[in-house]
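The values are calculated or read from the model by the stated rules, or taken from the named source; none is laboratory data. These numbers were taken from a predicted model, which means no experiment stands behind them. Every residue, glycine among them, receives a Cβ derived from its backbone with ideal geometry; neighbour counts consider all protein chains shown.
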Amino acid sequence: MKRAALVLAAALACSPVLAAYDESFPDPVQEERARTLQRELRCPLCQGQSVDESNAKIAQDLRILVRERIAGGQSDEQIKAFLVERYGDFILMSPPVRGDTAFLWFGPALILLLGAGVVATIVRRANRRSASEPQTIDPDLGEPTL
Amino acid sequence: MTGELGQLALCLALALSLAQSFGGLWGPLKNDYRLMAMSRGAALGVFVFSALAFGALTFAYVTSDFSVLAVAQNSHTAKPLIYKISGVWGNHEGSMLLWLLILSLYSAAIATFKAGGERLSAQALGVQGLIAISFLLFVLLTSNPFERLFPQPFEGEGLNPLLQDPGLAFHPPLLYLGYVGMSATFAYAVAALLEARNDAAWVRAARPYALTAWTALTLGIAAGSWWAYYTLGWGGFWFWDPVENASLMPWIVATALLHSMMATERSGAFKSWTLLLSIAAFSFSLIGTFLVRSGVITSVHAFASDPARGVFILLILFVSVAVPLTLFAWRAPKLSPGAAFETLSRETGILINNLVLTVAAVAVLIGTLFPLLNRTISVGAPYYNTVVLSFAAILAIVVPFGPILAWRRGNLGAALYTLRFAAAAAAVAVVATIAIASPGSARGLLAVGLGVWLIAGSISDLARRAGSLRRIGLLPLGAFSVALAHGGLGVTAIGVAGTTVWKSELIRILKPGESAALGGYMLRLDGTEQVQGPNYVADRVSISLLKDGKVVTVVYPEKRSFPTEKMVTTDASIRSNGLEDMYITLGDKREDGGWAVTAYVNPMAPFIWLGAVIAALGGMLGLAVKIRRALGARAGAPAGAKGAVT
């Protein structure tokens, strides 16, 4: 069901990716830059997809905008800054690393470190118990199966 | 008429669920075996009536009974029969009914097999009954699939064309078999807490359910991913969409649970942790249901979202977490002390596995829920690719050591010696990939190296157990389960790397007779014809694939228009040689008769799903071994022996 919904959502406005053709740069370096940048921008309509993948009209407009600005000599950062100002951080596929997103970006690593500490303690205790008990290995403990 | 029968069946299922939970919870308390037997009978009854309700709804769909609202909204007389049937669960109401049916299927299994003895299984049934009551109330009060529509419309509104796909027939049932199956493990865990039993009996009883659920979930997620790959029309197979995450989180936790259960059953380690993880796995299933059904996450999912539904599921979630945790806090002091093992042992390996997997699931949860806390940002694929895939890489490095290290006291030197060929194979694979694949990509190389490391590590472990590589065929079937599960992950890793890092694409306008080159092939557009489908009309374009001037194959991508649903879809053509996919899809038709054609060559793409199938095969083998062992034990025990109860 879940996938069904996803498919549905994506299909409504965002089917295949072809609009890119009409706008492409003859210069492969510029073209690659534009494609990379497009992949980092979220389509405001089809939120699961990047501007590069979406076929919604707004995504096409954004692709043209990106390309005009690249042609106009702006840097990737300038283009992103302009779009963020216009649409908010929402337009970026990857949320910015900032104070209010610190937990998002570093929370998992922090939890992993804390967990590693807990695991180390468990292992140390198990080790101590193992040393104090005579090592009896259960003959039933054979090879693993799922 | 069928609508009323279905409604009645649901009400009877509700009444029987009450009997099931009363008998299951009260019986063991009073040591009353008649009550426990009643609970089992009621569980079978709930299954029968859920199946009847489901059958009634299916009948309404098949006969296009548009006096039922759900049918009128989601079906059409011109729809092919298979999509009338699979359309039953292609909407909120029907899919919740499927949820219930699978829940009652698991209850019926518990009642039939009585794993863990009469008392423990009765208590598990009691818990299952409570879950069934909650969800029956949810269905009856907030999402009644049998709601009537008057006056009855002459024709239905049809089903979204993208759902008119065999994918809809397989994906949701498998997915539900997976994450609803976590309820059985949860029920056994709560039963163990109620009984205050600190032995591994409940784990032994619940493991087959966890394994079934995990296997189904693996296949269900893979089926969905494949479906998206061939229908969405641009070769993507995973989007880190909230709804996908909702199915991935229970899978990650279930994977951790399988490992921790293994340790608890085999060596008695991590008893409390296994209990907690069982509760967590089902909680993640409920969180998933909540995310999908409430519409709380900013998402374009077209499911009708009703705040009442969200609140209802949130309530179920709260109770299913809070009550068992309270019980756990109360019982925990009575649980046995920690296990004894050395640092280098399989237990440590399983601990690392559980740590990384649990944190990975939490990371996905943080990413999925974060936009709720901070509405101005969105969390997309780059976040998950960085965070979750780093966890996956850490885990992949240690995975091959796990099955080689012995319980309690392992030997790292011997494990390293066993894995020397695997390490060499991984290194060769990385060098070979550098040589043949461009552009260079550190991520891609890492994924390929780790993928080969996992596959070769599994083979090395099998060779070690068999004595030599040649004798692997002599190993008992069960010995392959772990190797297949771990190796399957490696296969998937290689597929993901190839498809995401090294795909090549072509976007071109082609007029009839024109051709373009991609990945060693020439694509030549031959012509267009109009074809009539069962409930659509399509422009079918024939494109020849040529290699060295000779036609290898002809593909027919289509652009389909569905008049009822007023939608246009593209039907991509995929030609696979097992190692790479040629993926061709159509864009807009031009006024001059040309077509915008997009084509991709996706190296190793079939491996993504092949790996999942291999891993699921491992799960099935493990399950088969357990079933055979259980049957053997039953045949060996004297008939009617109640001694197995404790």
Residue hits (the stretch B:140-164; part of a helix (DSSP H, G or I), buried (at least 22 other Cβ atoms within 10 Å of the Cβ) and hydrophobic (A, V, I, L, M, F, W, C)) are B:LEU162, B:LEU163
Restrict the check to the stretch B:181-202 and report whether at least one residue is buried (at least 24 other Cβ atoms within 10 Å of the Cβ), away from chain A (no Cβ under 14 Å) and assigned to a loop (DSSP other than H, G, I, E, B). yes
Would you mention how many residues in the stretch B:346-384 are farther than 19 Å from B:VAL253 by Cβ, at pLDDT 90 or above and of a type in the set (S, T, N, Q)? 1
Could you check the stretch B:630-644 and list, in sequence order, the residues that are outside any helix (DSSP H, G or I) and either modelled with pLDDT of 95 or more or of a type in the set (Lys, Arg) (or both)? B:LYS642
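Table: residues versus (1) charged (D, E, K, R); (2) modelled with pLDDT under 90; (3) in a helix (DSSP H, G or I).
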position: A:ILE70; (1), (2), (3): no, yes, yes
position: A:GLU77; (1), (2), (3): yes, yes, yes
position: A:PHE90; (1), (2), (3): no, yes, yes
position: A:PRO95; (1), (2), (3): no, yes, no
position: A:PHE106; (1), (2), (3): no, no, yes
position: A:LEU110; (1), (2), (3): no, no, yes
Looking at the stretch B:328-348 only, could you name the residues that are more than 7 Å from every other protein chain (Cβ to nearest Cβ) and surrounded by fewer than 23 Cβ atoms within 10 Å (Cβ to Cβ)? B:PHE328, B:ALA329, B:TRP330, B:ARG331, B:ALA332, B:PRO333, B:LYS334, B:LEU335, B:SER336, B:PRO337, B:LEU344
For the stretch B:54-80, give me each residue that is in contact with a helix residue (DSSP H, G or I) (Cβ under 7 Å, 6 or more places away or on another chain) and not in a loop (DSSP other than H, G, I, E, B). B:PHE54, B:ALA56, B:LEU57, B:THR58, B:PHE59, B:ALA60, B:TYR61, B:VAL62, B:VAL68, B:ALA70, B:VAL71, B:ASN74
Considering only the stretch A:40-57, state which residues are outside any loop (DSSP other than H, G, I, E, B) and at pLDDT below 85. A:SER50, A:LYS57
Given the structure, is B:THR215 among the polar types (S, T, N, Q), within 12 Å of the chain's Cα centre (by Cα) and assigned to a helix (DSSP H, G or I)? yes
Here are A:ALA102, A:ALA126, A:ALA116, A:ALA81: which of them is surrounded by 12 or more Cβ atoms within 10 Å (Cβ to Cβ) and within 20 Å of the chain's Cα centre (by Cα)? A:ALA81
Which numbered condition in (1) modelled with pLDDT of 95 or more; (2) more than 28 Å from B:PRO250 (Cα to Cα); (3) within 12 Å of chain A (Cβ to nearest Cβ) is the only one that B:GLY410 fails? (1)
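Considering B:THR212, B:THR142, B:THR185, which residue is polar (S, T, N, Q) and assigned by TED's automatic domain parsing to the domain that holds B:THR289? Let's see the steps before the verdict.
Values: B:THR142 fails: assigned by TED's automatic domain parsing to the domain that holds B:THR289; B:THR185 fails: assigned by TED's automatic domain parsing to the domain that holds B:THR289.
Within the list B:THR212, B:THR142, B:THR185, the selection yields B:THR212.
I'd like to know if the stretch B:611-629 contains one or more residues that are more than 30 Å from B:PHE113 (Cα to Cα), away from every other protein chain (no Cβ under 11 Å) and assigned to a strand (DSSP E or B).
In the first step, residues of the stretch B:611-629 are kept if they are more than 30 Å from B:PHE113 (Cα to Cα); the result is B:611.
If we keep only those that are away from every other protein chain (no Cβ under 11 Å) as well, we get B:611.
From the residues that got through so far, the ones that are assigned to a strand (DSSP E or B) too are none.
No, because not a single residue in the stretch B:611-629 is more than 30 Å from B:PHE113 (Cα to Cα), away from every other protein chain (no Cβ under 11 Å) and assigned to a strand (DSSP E or B).
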